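**Q** My questions all concern the structure below.
The values are calculated or read from the model by the stated rules, or taken from the named source; none is laboratory data. Source: prediction; values computed, not measured. Here Cβ is always computed from backbone atoms with ideal geometry, including for glycine, and neighbour counts include all displayed protein chains.
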There are 2 protein chains.
Amino acid sequence: LSYPCGRHIIAELYQCNPLILNDLSSIQGILIEAAVQAGAEVRDFAFKKLSPSRLCGVMIISESHLAIHTFADLRYASLDIYTFSQRINPDEAYYYIANQLQASWSLVKELLRGYGEIQEKLLDY
Amino acid sequence: LSYPCGRHIIAELYQCNPLILNDLSSIQGILIEAAVQAGAEVRDFAFKKLSPSRLCGVMIISESHLAIHTFADLRYASLDIYTFSQRINPDEAYYYIANQLQASWSLVKELLRGYGEIQEKLLDY
C-alpha cells in the first residue's frame, strides 16, 4: 500500500497590482491558465467577491486544487497550490500566477503531505 | 495599514471510514455543516469525484476556504481550513470533520499567514 505524496505550495505574494487583484474575471482567467501551464486539467471552480477589495477563488484540477485570496487594498494575495499527481508541476503554476499578479516579492513554503509527518522544505523561489 | 492574519489549519486524517470518504454527498454535507459549526457562511463550492476512490471538495466561506481530498482506498483524507476572520473558529470545523470521517488519528499543523514570515505552530490536537 503506497500512500500518496502531495506537494503543497503555500505562497504570500506582496506588492501585487491591485487592479488585477480586484478583478474577478482576471483572477479566474489567471488561475485557469496557471492550471494549464502546470499540465493540469480544470475540473470545477468557484470565484467570489467577498468584500469591495477582497476576492476568493478555489479550483479543482486533476488530483489537486488551487486556492487564492486577494486583498487589493493591501496589494497582497495568499495562494495555495496543491497536487498529488507527479504529472503536474505546481512550480509552473506558482511562477505564472506571481508573474501575472506582478508581485514584487513573495514568501513561499512547500509542504509534503500524505503519509507520516507533514514534511516541510523552505524553497528558494 | 494592518495586514490580515490568516489561520491555516493543515490536517492529515488517517484510518477514516472509507464509505464516508467515497460518498460525494456525505463529504459535501460534512463540509457545509463544518462551516456552520465554525460560524462561517458558505458562499460557493465545488465537489468532484476524480477517480473511483478519490474525491475533492473546495468551498468558499466568509473570508476563508475549506478544501478536502479523500482517498477511500487508503482511508486517508487531506484537509485545509483557512480563515482570515476572527469571528470564525477553524478548530471547530476541524474537530467536526475529523469526527464525522471517523478518523482514528491525525496530524495537524497550523500556519499563520499574512504579512511577514509564514509562521508555524505545531498543535496538540
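**Q** I need the full set of residues from the range B:89-100 which are touching a strand residue (DSSP E or B) at 6+ places or on another chain (Cβ under 6 Å) and either part of a loop (DSSP other than H, G, I, E, B) or not hydrophobic (A, V, I, L, M, F, W, C) (or both), in order please.
**A** Correct list: B:90, B:94.
**Q** Let me ask you something else. Taking residue B:46 and the conditions (1) small (Gly, Ala, Ser); (2) within 18 Å of residue B:89 (Cβ to Cβ); (3) part of a strand (DSSP E or B), which numbered condition does it fall short on, given that it satisfies the others?
**A** Exception for residue B:46: condition (2).
**Q** Take the residues in the range B:1-31 that are hydrophobic (A, V, I, L, M, F, W, C) and under 28 Å from residue A:76 (Cα atoms), then tell me which one is surrounded by the most Cβ atoms within 10 Å (Cβ to Cβ).
**A** B:31
**Q** Right, another one. Please state which one of B:19, B:31, B:66 is closer than 14 Å to residue A:58 by Cβ and part of a helix (DSSP H, G or I).
**A** None of the other options fit; the residue is B:31.
**Q** Going residue by residue through the range B:27-46, is there one that turns out to be touching a Ser or Thr at 6+ places or on another chain (Cβ under 7 Å) and at the interface with chain A (Cβ under 7 Å from one of its Cβ atoms)?
**A** Scanning the range B:27-46 turns up at least one residue that is touching a Ser or Thr at 6+ places or on another chain (Cβ under 7 Å) and at the interface with chain A (Cβ under 7 Å from one of its Cβ atoms).
**Q** Answer yes or no as to whether residue B:53 is surrounded by fewer than 20 Cβ atoms within 10 Å (Cβ to Cβ) and within 20 Å of residue B:110 (Cα to Cα).
**A** Details: surrounded by fewer than 20 Cβ atoms within 10 Å (Cβ to Cβ): yes; within 20 Å of residue B:110 (Cα to Cα): no.
Criteria not met by residue B:53.
**Q** Could you list, ordered by first residue, the pairs with Cβ atoms under 7 Å in which the first is in the range B:96-125 and among the charged types (D, E, K, R) and the second is at pLDDT below 80 and not in a loop (DSSP other than H, G, I, E, B), at least 6 apart or interchain?
**A** Matching pairs, first to second residue: B:109/B:120; B:109/B:122; B:110/B:121.
**Q** Specify which of the listed residues (A:77, A:46, A:40, A:72) is in contact with a Pro (Cβ under 6 Å, 6 or more places away or on another chain) and aliphatic (A, V, I, L, M).
**A** None of the other options fit; the residue is A:72.
Table: residues versus (1) closer than 16 Å to residue B:47 by Cβ; (2) without any contact (Cβ under 8 Å) to a residue 40 or more places away in the chain.
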| residue | (1), (2) |
| --- | --- |
| A:36 | no, yes |
| A:50 | no, yes |
| A:65 | yes, yes |
| A:69 | no, yes |
| A:79 | no, no |
| A:83 | no, no |
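**Q** Could you look through the range B:8-44, keep only residues that are in contact with a strand residue (DSSP E or B) (Cβ under 9 Å, 6 or more places away or on another chain) and acidic (Asp, Glu), and pick out the one that is nearest to residue B:84 (Cα to Cα)?
**A** Per the stated criteria, the residue is B:41.
**Q** Conditions: (1) closer than 22 Å to residue A:63 by Cα; (2) in contact (Cβ under 8 Å) with a residue 12 or more places away in the chain. Residue B:41 meets all but one. Number of the miss?
**A** (1)
**Q** May I pose another question? Going through the range B:70-92 one residue at a time, which ones are of a type in the set (Asp, Glu) and buried (at least 19 other Cβ atoms within 10 Å of the Cβ)?
**A** B:80 - this is the single residue of the range B:70-92 that is of a type in the set (Asp, Glu) and buried (at least 19 other Cβ atoms within 10 Å of the Cβ).
**Q** Do you know which residues across the range B:47-58 are modelled with pLDDT of 95 or more and at the interface with chain A (Cβ under 7 Å from one of its Cβ atoms)?
**A** Matches in the range B:47-58: B:48, B:56, B:58.
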